[in-house]
Each structure stands twice: as C-alpha cells, then as structure tokens.
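Undergrad: I am attaching a structure below and will ask some questions about it afterwards.
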Amino acid sequence: MASIVTLQYQLDNRLRGVARTQDASDLAVIYLADQKPAEAMRVLNDTRLPDLPETLGRQRRILEARALLDGGRDQLALDMVRELTGKDVDLMRIDAHWKAKRYGQAGQLIEALYPAT
C-alpha cells in the first residue's frame with residue numbers, strides 16, 4: 001500500500017479527474033485506519049467530483065460516513081448511507097448505533113444480519 005506522503009504528492013501534483021478521486025479514497029482509508037477521521041474527511045472533500053462511476057461513488061460515500069461516525073457524528077453518518085444496501089453498510093449501521101449506546105437498535109440489526117439457524 002502506498003504511503004501517506006506518496007499519495008498526497010500524487011493528489012497535489014500528478015493526478016486529475018477520477019484517478020485523483022480514487023487515490024484520495026485510498027488516502028482516506030489510511031487516515032481512517034490511523035484514527036484521523038478529520039483528515040480523511042478533508043481529503044475526500046478536497047477531491048469531490050460529480051458523476052463518478054457508481055462503484056467509486058459508493059466507496060467514497062461509505063468512507064465519508066465512516067469518517068463522520070469516527071468523528072462522533074453518528075446520525076449524519078447514518079443519513080449518508082440511508083439509501084445504500086450491503087453487508088458493509090449494515091455493519092456500519094450496527095457500529096453507529098452501538099457507539100451511540102442505542103444497543104436495542106444495534107441488536108435488532110445484528111439479529112437481522114445473522115439470523116438464528
């Protein structure tokens with residue numbers, strides 16, 4: 001995986017368009033893993049483009065929601081992924097409710113995701 005310095009250099013000096021937004025997503029992942037949600041949000045906001053390919057747009061929306069969630073804005077994070085589906089989004093919803101101490105809602109989502117056999 002590329003380093004923060006390398007990716008930031010690419011964003012600042014070399015890349016344009018969709019390639020730039022993809023590298024920005026990679027950099028945001030690194031910032032989130034390093035527990036720097038504000039930096040992740042900054043890089044995503046600085047590289048926002050309209051009409052991205054669907055997969056990249058979904059990825060960036062999930063990263064933005066994760067940055068908001070990790071930054072203590074759980075309700076806004078949930079609002080961002082309201083229309084999305086998928087196990088990754090379901091797990092983020094569970095995490096958001098759990099962090100906000102809404103254990104009942106988190107439990108319901110866990111039961112729906114992992115039904116008893």
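The values are calculated or read from the model by the stated rules, or taken from the named source; none is laboratory data. Computed from a predicted model, the values in this text were never measured in an experiment. Methodologically, a virtual Cβ is constructed for each residue, glycine included, from the backbone with ideal geometry; neighbour enumeration extends over all protein chains shown. Each accessible area value is taken on the protein alone, full model and side chains, heavy atoms only, with ligands, DNA and RNA left out. Shrake-Rupley method; radii C 1.70, N 1.55, O 1.52, S 1.80 Å.
Undergrad: If you line up the long axis of helix 17-33 against the longest principal axis of the chain, both from Cα atoms, how many degrees apart are they, to the nearest 10?
TA: 50 degrees
Undergrad: Moving on. Roughly how many Å² is the accessible area per residue of the chain, as a whole number, for a 1.4 Å probe?
TA: Accessible area per residue, the chain: 62 Å².
Undergrad: Can you send over the carbon and sulfur percentage of the accessible area for the chain, probe radius 1.4 Å, protein chains only?
TA: Within the chain, the accessible surface is 53 percent carbon and sulfur.
Undergrad: Right, another one. Measure nothing but the geometry: give the 0 to 90° angle between the long axis through the Cα atoms of 87-99 and the longest principal axis through the Cα atoms of the chain, rounded to 10°.
TA: So the helix axis and the longest Cα principal axis differ by about 70 degrees.
Undergrad: For Cα pairs less than 8 Å apart in space and 6+ apart in sequence, what is the mean separation divided by the residue count of the chain, i.e. the relative contact order in percent?
TA: Over the chain, the number comes to 17 percent.
Undergrad: Go through 86-93, 104-111 and give me the packing order, highest mean Cβ count within 10 Å leading.
TA: In descending order of packing, they fall as 86-93, 104-111.
Undergrad: From the square roots a ≥ b ≥ c of the eigenvalues of the alpha-carbon gyration tensor of the range 63-116, which class results: rounded (a/c under 1.5), prolate (a/b over b/c), or oblate?
TA: Note, shape of the range 63-116 comes out oblate.
Undergrad: Turning to a different aspect of this structure: Once the Cβ-Cβ distance between Leu113 and Asn13 is put in as r, and R0 is 41 Å, what FRET efficiency do you end up with, to the nearest 0.05?
TA: So the FRET efficiency works out to roughly 0.45.
Undergrad: Mind ranking 62-75, 31-44 by how tightly packed they are, going by the mean number of other C-beta atoms within 10 angstrom, highest first?
TA: 62-75, 31-44
Undergrad: Could you give the angle, 0 to 90 degrees to the nearest 10, between helix 103-113's Cα long axis and the longest principal axis of the Cα atoms of the chain?
TA: So the inclination is approximately 80 degrees.
Undergrad: About its Cα centre, what dipole magnitude does the chain give when the only charges are +1 on Lys and Arg Cβ and -1 on Asp and Glu Cβ, stated in debye to the nearest 20?
TA: So the dipole magnitude of the chain works out to roughly 140 debye.
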